[in-house]
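Below: one structure, written as C-alpha cells.
Just so it is clear, none of the values below were taken in a lab; they were calculated from the coordinates. Bear in mind that the values here come from a model prediction, so they are computed numbers and not experimental data. Cβ sites come from the backbone with ideal geometry, for glycine too, and all protein chains shown count toward neighbours.
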2 protein chains.
Amino acid sequence: MALVVQKFGGSSLATAERIKRVAERIVETKKQGNDVVVVCSAMGDTTDDLIELAQQVCADPPPRELDMLLTAGERISIALVAMAIHALGADARSLTGSQAGVITTGAHGNARILEIKPGRVRRALDDGEIVLVAGFQGVRPDNRDVTTLGRGGTDTTAVALAAALDADICEIYTDVDGVFTADPRIVADAQQLHSISYEEMLELAACGSKILMLRSVEYARRYHVRVCVRSSYTDAPGTLLAASMAELPTGTEALAGIAHDRSEAKVTVVGILDRPGYAAKVFRIVADADIAIDMVVQNTGTGRTDITFTSPAADAARAVTLLRARGAELGFTDIRYDNRVGKVSLIGAGMRDRPGVTATFCEALADAGINVDLIATSRIRISVLVRDDDLDRAVRVLHDAFGFGGGELAVVHGGTGR
Amino acid sequence: MALVVQKFGGSSLATAERIKRVAERIVETKKQGNDVVVVCSAMGDTTDDLIELAQQVCADPPPRELDMLLTAGERISIALVAMAIHALGADARSLTGSQAGVITTGAHGNARILEIKPGRVRRALDDGEIVLVAGFQGVRPDNRDVTTLGRGGTDTTAVALAAALDADICEIYTDVDGVFTADPRIVADAQQLHSISYEEMLELAACGSKILMLRSVEYARRYHVRVCVRSSYTDAPGTLLAASMAELPTGTEALAGIAHDRSEAKVTVVGILDRPGYAAKVFRIVADADIAIDMVVQNTGTGRTDITFTSPAADAARAVTLLRARGAELGFTDIRYDNRVGKVSLIGAGMRDRPGVTATFCEALADAGINVDLIATSRIRISVLVRDDDLDRAVRVLHDAFGFGGGELAVVHGGTGR
C-alpha cells in the first residue's frame with residue numbers, strides 16, 4: 001500500500017461538476033489500495049474575487065486580515081471535495097492548513113513553511129479516511145494567526161506534506177499533460193518530458209515556467225520528494241521530477257526545454273560615476289527595498305558607466321522611484337524604465353557537456369533578426385533579454401534550433417491554476 | 001470606559017458599501033471611549049449560496065464537512081469588516097469562533113456553546129484593538145473540529161461573549177428598529193417596545209418572533225446580559241432586554257405583544273384506544289425521533305380518543321411516517337397531517353393580574369369569525385391554532401382588541417438577518 005499526495009488547482013475545482021470529477025479520481029486512487037491525502041486550492045477565481053472585495057472596503061488591507069479572508073477560499077473547496085467523496089460512498093475528512101499542522105513564518109501573504117506536524121493527518125489516515133488539506137495556508141506558532149504562502153503556495157503545501165508524511169509520490173494535477181519542452185500555446189510541436197531533474201525544474205520555474213512554483217521545487221529537491229506533474233483531465237502519465245541531476249544518467253534528455261517570461265522590466269541607470277562603491281550603492285538601495293534583481297550588466301564608458309538590471313515589473317518601477325530620490329548622492333545622468341522586454345531561456349543539465357550551446361543559441365536568434373539585449377548564464381541555463389514583440393518568435397526559433405520539436409502537436413487545455 | 005459587544009447580521013453586511021457603514025458605527029463607538037467587540041454573520045446570502053453548492057456535490061452532506069464549509073462565510077465577513085475599520089484609521093483584529101475560544105458541543109450544525117475562553121479577545125482589547133469575532137461558529141474540545149450553532153447562532157455568540165467578558169451591553173443590530181407589539185409587516189400601527197423582560201422575549205421567540213432566537217435569549221437571562229435590539233440603519237434607541245420579570249415594576253407594559261408562527265403543522269392520531277399507556281406510546285415514538293411537540297390536545301370519545309399535536313412542519317411529516325409504521329401496535333384508525341395552520345399568541349407578564357384576558361382573546365377572534373382549533377396557555381402567554389388563511393387577520397384583530405395600536409405607523413426595513 002502506497003501513500004499518495006494529490007494536489008488539485010483552482011481550475012480543476014472551479015465548478016460543482018469538476019469537483020465531482022476530481023472526487024472520482026481521488027476515490028479511484030483510494031480503491032486501488034492507497035492511502036490518499038489531497039491538497040486543494042480555492043475554487044476557480046475565488047481568490048481574485050475575495051481580493052477584489054477587500055479592495056472595495058480598504059485600499060491597503062492589512063496582510064493579517066487579507067490572510068484571514070483568503071484562507072476562506074481553500075476552506076470552501078476542501079469541504080466540498082470531502083462532500084463529493086462522501087457522495088461516492090468513501091470516507092473523507094477535511095483539515096485546514098492550521099489543523100493539518102502547517103507551521104509557517106509570520107510573513108503574512110508570503111509565509112514560508114517552517115515545519116509540518118502531520119499528527120491529525122496521520123490519525124485520519126489511520127481511521128481509513130481520505131484526508132483533504134487546504135493548500136496555500138498555514139499558522140504562525142507565535143500567536144496562532146493564519147498565514148498564506150504566496151503564489152504557488154498550494155504546490156508547496158502538497159510537496160511539504162508529502163515530505164512530512166514520507167509519501168511515495170506527490171501528484172500535482174494541472175491543466176496541461178506535464179512539463180513540456182516549451183509552452184505549447186506558443187510552440188505547437190512542443191514535446192512532453194517524461195522526467196526532469198529538480199535542478200532543471202528549478203531553472204524552468206525561475207525563468208517563467210508556471211507549471212510549478214520555485215518554492216515547491218526547492219522543497220522537493222531538499223526532501224527528495226518524487227513529484228509527478230499530470231493532467232486533471234486525462235490519464236496520461238505526466239512528467240516525473242525525481243532524481244537530482246547527479247543521479248541522472250549522463251546524456252538523458254540532455255536539454256530540458258525553452259522557458260520564457262514576460263513579467264520583468266529593465267531598469268538602466270545611465271552615466272553613473274565609474275568609481276568603486278557607486279554600483280554597490282545602487283544595488284544596496286534596491287536590496288534594502290526587498291527587490292529581487294534577475295539579470296545585470298554594466299557597460300563601462302570613459303569615467304562613467306551604465307548599470308542595467310531586470311526585476312519583476314512592479315518592483316522595477318519601485319526601484320526607479322527609490323533611485324531617483326537618491327539622485328544627488330548617486331550622481332547619474334538619467335534613469336530609464338522599460339517593460340517592453342521578454343526573457344527567453346534554454347535549460348538543460350546536458351549543457352555542461354556541449355560547449356557549442358551558447359553559440360548555437362545566439363546564431364539562431366541572429367539568423368531570425370532578433371536583437372539580444374542582455375545575456376545571463378548559469379551552469380545549466382542560458383537566458384537572454386529581447387524585445388517583447390520578438391519573444392514568441394524567439395521561443396519558436398530556439399525550440400527548433402535545439403531539435404526539441406517532435407512532429408506531434410501538443411494538446412493544450414484551457415485556463416491556468418494558481 | 002464601557003465594554004460594548006455589537007452584533008451585525010448578514011443583511012447589514014451584504015455589500016462592501018454596507019460593510020463600510022457598519023465599520024463607521026463601530027469606530028464611532030470606539031471613539032466614544034468604549035472597548036468594542038463585534039460579532040458578525042456571513043454576508044447577505046453567503047450561507048444559502050454555500051448550502052446550495054454543497055447540495056450540488058452531495059445530496060446528504062456530512063454535518064462535519066457542512067460546518068467546515070459554512071464557517072468560511074463569517075471568516076470572510078470578519079476579515080472585511082476589520083479591513084474597513086483599518087481604512088478608517090482604527091486598529092482591528094479578526095478572530096474565528098475557535099480563536100475567540102467559543103467551545104461547543106459536538107452536535108455539528110446545531111451545536112451548543114459550553115463555555116467561552118476569551119483570552120485572545122481580552123489580549124486584543126488590552127492592545128487597544130477593536131475585536132471582530134466570527135458568529136455562529138465554535139470548536140468542539142474533543143477533536144478541535146469546527147462546529148456551527150444552528151439558526152440564530154450569531155446572536156447566541158454575541159450574548160455568550162458579552163456574558164464571558166462581563167460586557168456592559170450587547171447590542172444586536174438588525175433590520176428593524178427593535179421589538180414590536182406585532183410584526184409591522186402585518187400590523188401597520190404596531191408599536192416599538194422600549195423594554196421587555198427576558199421571560200416575555202423567550203415566549204415571543206418560542207411563538208414565532210424572528211427578532212432574537214430562543215437560545216440567545218435563554219443565554220441572556222441565565223447570565224443577566226443586558227441586550228439591546230437596534231436598527232443597523234438608524235440611531236433609534238431600540239428595545240432593551242434587561243430586568244427579569246420579577247424585577248419589573250408591576251403593571252409596566254403589562255402585555256408585550258402578539259406573535260405569530262406559520263412554520264408548524266398539525267398531526268391528528270384518530271381513534272386510538274382510550275386505555276392507559278396508548279397516548280404515552282405515541283409521544284415516546286415522537287420524542288425518540290427528537291421531534292419537539294408544541295401544542296397538544298386529546299379529545300375523548302367512547303372507548304377511543306383522538307390525539308392532536310403540532311410540531312415544525314418537516315418534523316410533523318416525519319412523525320406521521322414513524323407513527324404509521326407502528327400502526328398495528330398503536331391500533332389507531334387514521335392519521336391526519338395538516339400544514340395549513342398558523343399559531344397566534346398573546347404574550348405579557350401582566351397577564352397574571354388580568355383574569356379576563358383569555359375571554360377577551362377568544363371573543364375578539366369569535367367576533368371576527370375566526371375559528372379556534374387548539375388552545376395552549378402558560379403563565380404569561382395564550383396561543384391558539386387557526387387556519388393559515390386567517391392568521392394575519394387574527395394578528396390584527398388581537399392587536400386591536402388589547403389596545404396595542406398607537407396610531408403612529410411602524411417603519412419596516414427590507415430583508416431579514418440570520
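Mind checking the dipole of the range B:115-168: about its Cα centre, +1 per Lys or Arg Cβ, -1 per Asp or Glu Cβ, Debye to the nearest 20?
Details: 7 positive and 9 negative charges, 45 e Å.
Its charge dipole is roughly 220 debye.
Relative to the other copies, what are the label-point distances for A:Leu322, with labels 7 Å from Cα along the C-beta vector, expressed in nm at one decimal and sorted shortest first?
So the distances to the same position in the other copies read 6.9 nm.
What is the average number of partner chain Cβ atoms found within 10 Å of a Cβ in B:46-54?
Counting Cβ atoms of other protein chains within 10 Å of each residue's Cβ and averaging gives 2.
Please compute, for peptide B:99-105, the average count of beta-carbon atoms on other protein chains lying within 10 Å of each residue's beta-carbon.
The per-residue average across the peptide is 1.
Could you list the residues of the range B:375-401 with an amide nitrogen less than 14 Å from a label point located 7 Å from the Cα of B:Arg352 in the Cα-to-C-beta direction?
Answer for the range B:375-401: B:378-381.
Going by a ≥ b ≥ c, the root eigenvalues of the Cα gyration tensor, does the range B:322-397 fall in the rounded group (a/c under 1.5), the prolate group (a/b larger than b/c) or the oblate group?
prolate
Of the listed peptides A:138-148, A:36-46, A:152-162, what is their order by residue-averaged count of other C-beta atoms within 10 Å, with the highest listed first?
Those peptides, ordered most packed to least, come out A:152-162, A:36-46, A:138-148.
Taking the Cβ-Cβ separation of A:Ala236 and A:Phe283 as r and a Förster radius of 60 Å, what is the calculated FRET efficiency to the nearest 0.05?
In this case the efficiency is close to 0.85.
Once a ≥ b ≥ c are taken as the square roots of the eigenvalues of the Cα gyration tensor of the range A:3-174, is the result rounded (a/c under 1.5), prolate (a/b larger than b/c) or oblate (a/b not larger than b/c)?
Judged from the Cα gyration tensor, the range A:3-174 comes out oblate (a/c at least 1.5, b/c at or above a/b).
In percent, what relative contact order does chain B have, based on Cα pairs under 8 Å that are 6 or more apart in sequence?
On the way: 927 pairs, mean separation 63.0, N = 418.
Normalised by residue count, the contact order of chain B is 15 percent.
Rounded to the nearest 0.05, what FRET efficiency do B:Ala314 and B:Glu28 have when you use their Cβ-Cβ distance and R0 = 51 Å?
0.75
Would you mind calculating the gained length between A:Asp142 and A:Tyr337 on full extension (0.36 nm times residue separation, minus the Cα-Cα distance), in nm to one decimal?
66.1 nm
What relative contact order, as a whole-number percentage, does the range B:3-250 give when Cα pairs under 8 Å and 6 or more residues apart are counted?
Contact order relative to length: 19 percent.
According to the square roots a ≥ b ≥ c of the eigenvalues of the Cα gyration tensor, what is the shape class of chain A, taking rounded for a/c under 1.5, prolate for a/b larger than b/c otherwise, and oblate for the remainder?
oblate
So if we plug the beta-carbon distance of A:Asp49 and B:Arg21 into 1/(1 + (r/R0)^6) with R0 = 22 Å, what FRET efficiency do we get, rounded to 0.05?
Values: r = 22 Å, r/R0 = 0.98.
For R0 = 22 Å, the calculated efficiency reads 0.55.
Near A:Arg185, within a Cβ-to-Cβ distance under 15 Å, what is the net charge of the other residues, with Lys and Arg +1 and Asp and Glu -1?
Details: positive: A:Lys210, A:Arg262, A:Arg393, A:Arg396; negative: A:Asp175, A:Asp177, A:Asp183, A:Asp189, A:Asp261, A:Asp392.
Once all neighbours under 15 Å are counted, the net charge is -2.
Could you work out the relative contact order of the range B:171-308, using alpha carbon pairs under 8 angstrom and six or more residues apart, expressed as a whole percent?
The normalised contact order for the range B:171-308 reaches 25 percent.
What's the center-to-center distance, using Cα atoms, between the range B:176-192 and the range A:115-140 in Å?
51 Å
Please work out the Kirkwood hydrodynamic radius for the range A:271-384, using every pair of different C-alpha atoms, and report it in angstroms with one decimal place.
Result for the range A:271-384 stands at 15.9 Å.
Taking the rotation axis that maps chain B onto chain A, which residue of B brings its Cβ closest to that axis, and at what distance in whole Å?
For the rotation taking chain B to chain A, the closest Cβ gives B:Ala72, 2.
What does the charge add up to near B:Ala279, with Lys and Arg as +1, Asp and Glu as -1, over the other residues with Cβ less than 13 Å from its Cβ?
+2
Taking the Cα centre of chain A as origin, work out the dipole magnitude from +1 charges on Lys and Arg Cβ and -1 charges on Asp and Glu Cβ, in debye rounded to 20.
780 debye
Where the Cα atoms of the protein assembly as shown are projected onto their three principal axes, how long is each span, largest first, in whole Å?
111, 67, 40
Report the equivalent ellipsoid semi-axes for the range B:132-216 in whole Å, largest first, defined as the square roots of five times the eigenvalues of the gyration tensor built from alpha carbon atoms.
Each semi-axis is the square root of five times an eigenvalue, giving 28, 14, 11 Å.
Could you grab the Rg to Rh ratio for the range B:38-131? Cα atoms only, Kirkwood for Rh.
With Rg and the Kirkwood Rh in hand, the quotient comes to 1.03.
Mind putting a number on the dipole of the range A:3-174 about its Cα centre? Charges go on the C-beta only, +1 for Lys and Arg and -1 for Asp and Glu, and I need it in Debye to the nearest 20.
Charge dipole of the range A:3-174: 280 debye, to the nearest 20.
Give me the angle, in degrees from 0 to 90, between the Cα long axis of helix B:278-288 and the longest principal axis of the Cα atoms of chain B, rounded to the nearest 10.
Roughly 20 degrees, rounded to the nearest 10.
Place the label 7 angstrom along Cα→C-beta at B:Arg122 and in each other copy, then list the distances from the first to the rest in nm, shortest first.
3.5
Find out how many positive minus negative residues lie around B:Ala289, taking Lys and Arg as positive, Asp and Glu as negative, among other residues whose Cβ is under 14 Å from that of B:Ala289.
Taking every other residue near B:Ala289 into account, the sum is +2.
Sorted from shortest, what are the nm distances separating the label point of B:Ser378 from equivalent points in the other copies, each placed 7 Å from Cα along Cα to C-beta?
Counterpart label points of B:Ser378 in the remaining copies fall at 7.2 nm.
Determine, for each peptide in B:74-87, A:80-93, the mean count of other beta carbons within 10 angstrom over its residues, then list the peptides with the highest first.
B:74-87, A:80-93
Averaged over peptide A:135-144, how many Cβ atoms belonging to another chain are found within 10 Å of each residue's Cβ?
For this peptide, the per-residue mean of nearby foreign Cβ atoms is 1.
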